[in-house]
1. Please rank Met328, Met162, fewest neighbouring Cβ atoms within 10 Å first, as an exposure proxy.
2. How much length is gained if the chain between Val25 and Asp83 is pulled fully straight, taking 0.36 nm per residue apart and subtracting their Cα-Cα distance, in nm to one decimal?
3. Multiply the residue gap between Leu142 and Val254 by 0.36 nm, knock off their C-alpha separation, and tell me the result in nm, one decimal place.
4. Among the lysines, select those whose C-alpha is under 19 Å from the C-alpha of Lys237, and discard any that sit fewer than 8 residues away in the same chain.
5. Give the separation of the Cα centroids, segment 438-471 to segment 67-124, in Å.
6. Which value, in debye to the nearest 20, gives the size of the charge dipole of the chain about its Cα centre, when Lys and Arg are +1 and Asp and Glu are -1 at the Cβ?
7. How large is the Rg to Rh ratio of the chain when both quantities use alpha carbon positions and Rh follows Kirkwood?
8. Enumerate the amide H contacts of Val449 below 5 Å, restricted to partners 5 or more residues apart or on another chain; note that Pro and chain-start residues carry no placed amide H.
Amino acid sequence: MIPVSCGEIADAVRGELVGVEPTAVVDGAVVIDSRGAEPGGLFVALPGERVDGHDFVGTATAAGVTVSLTTRAVDGSPCIVVDDAERALGDLARLVIGRLPALTVIGLTGSTGKTSTKDLIGQLIRPYGETVCPEGSFNNELGHPLTALQASPSTKYLVAEMGARHAGDITYLTGITPPAVGLVLNVGTSHVGEFGSQDNIAIAKGELIEAVRPGGTAVLNADDHRVAAMRSRTQEKVLTFGEAPEADVRATDVKLDGEGRAAFALHIGGGTESAAPAFSGAVQLQLIGEHHVSNALAAAAVALAVGLTPEQIADGLNAAQRVSAARMELTERADGVTIINDAFNANPDSTRAALKSLVAIGRSRGARTWAVLGEMLELGDTSADEHDAIGRLVVRLDVNRLLVVGEGAKPIHLGASLEGSWGDESAFVDTIPDALELLRSELRAGDVVLVKSSKGSKLRSLADALLEDAQ
């Protein structure tokens, strides 16, 4: 973190200094896990389901932190006592970002693809300026300010992924990091249980576009009508991406290779069906799944907005690799079984895309395909229908075997069984150990296995166990 005195922090977070002088300086890492505490840093004591961060304030003090953010004084430790440590963390990040006027904040949101697109953006722009763009998904009230606090005076770009479970969430996050570039990827059904409808999700996602700073750029998906309509929510410049002929950054001639990786012609400029693009170039993605075409176009539009040339963008897309784990992560075991771990999260759109990739890979290899699917959470009243539809799609795509794990996902199995053309190809088990036992008994060399579920369904542990089996 940039150097900030404890007195300045206390003023920003409306806290009380206890056992620390206002002139003491924080210039190290800000952490919420005391194991990462370091000299000169700051520890945020948060309550947890199993432990209370205040129990580890002493550990952080012993590690050399300048001060801890707490909701009560802790004997023997320098503290800034606040009413709400989580909110104070956001206030601290707001203070730091406000002192970095040269920083370009890139904010992005969407129902699917946020982390993969964030990773692509980071790879495109990092060669042209110091960039904060951490691996993984840090898009909530804790992860977002912790990401922001990594910025320094030499940082040129901050890529800030923003999630939302309620109206106002993104407004809060953009208040910490006002975006110069705001990207909305799509409006799907993820979290529809909380929002009630896709239209309400669109209202929440569009908060990012309303927050784009004067002189900034809004980047919108021309293929999603709810996103395209967000143009009316900003007076700033708008760039569009997609396969629609009117998109400013668009793809044509999309094809998948034998590993499920997309190739396409990238066009930048023109923006109408009849106008010739200013640039056209070939892109071969290294990422698995046709859905990454839209992610790549979004990243390209963001890169264009911050000043990269079309040639730099095309070269960057061709070189980009998967960064964050458990997102279409393909591993071939020593025994010839291939595992595709896409169990970080799931919703109907991402599950459909993953299934299509599974089929493409299996077809190119002449391999038997397995779809191992868990529950897609937070779908509200649509949950049963959405799971049923996925089961029917598995049959229509001609996936060879379906294994459904957990009671919440059972409508996938029922939908597949009712589709009409399947007999024993679909199986249902209650638990992850049951699924592992079945797979261990039936997998054979050459099989391609997709593991997909929402994070809360915990099928990532199943994918990990399958990978460990052949070590």
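Just so it is clear, none of the values below were taken in a lab; they were calculated from the coordinates. Nothing here was measured: the structure is a model prediction, and the numbers come from that model. Here the Cβ is made from the backbone with ideal geometry for all residues, glycine too, and neighbour counts use every protein chain on show.
1. Arranged by neighbour count, lowest to highest, Met328, Met162 become Met328, Met162.
2. Numbers: separation 58, 0.36 × 58 = 20.88 nm, distance 2.19 nm.
Gain in length upon complete extension: 18.7 nm.
3. On the way: separation 112, 0.36 × 112 = 40.32 nm, distance 3.79 nm.
Difference between extended and current length: 36.5 nm.
4. Leaving aside lysines fewer than 8 places away in the same chain, those within reach of Lys237 are Lys205.
5. 35
6. Details: 39 positive and 62 negative charges, 194 e Å.
Value, rounded to 20: 940 debye.
7. Details: Rg = 23.6 Å, Rh = 23.7 Å.
Result for the chain is an Rg/Rh of 1.00.
8. Amide H neighbours of Val449: Thr338, Ile339, Ile340, Trp370.
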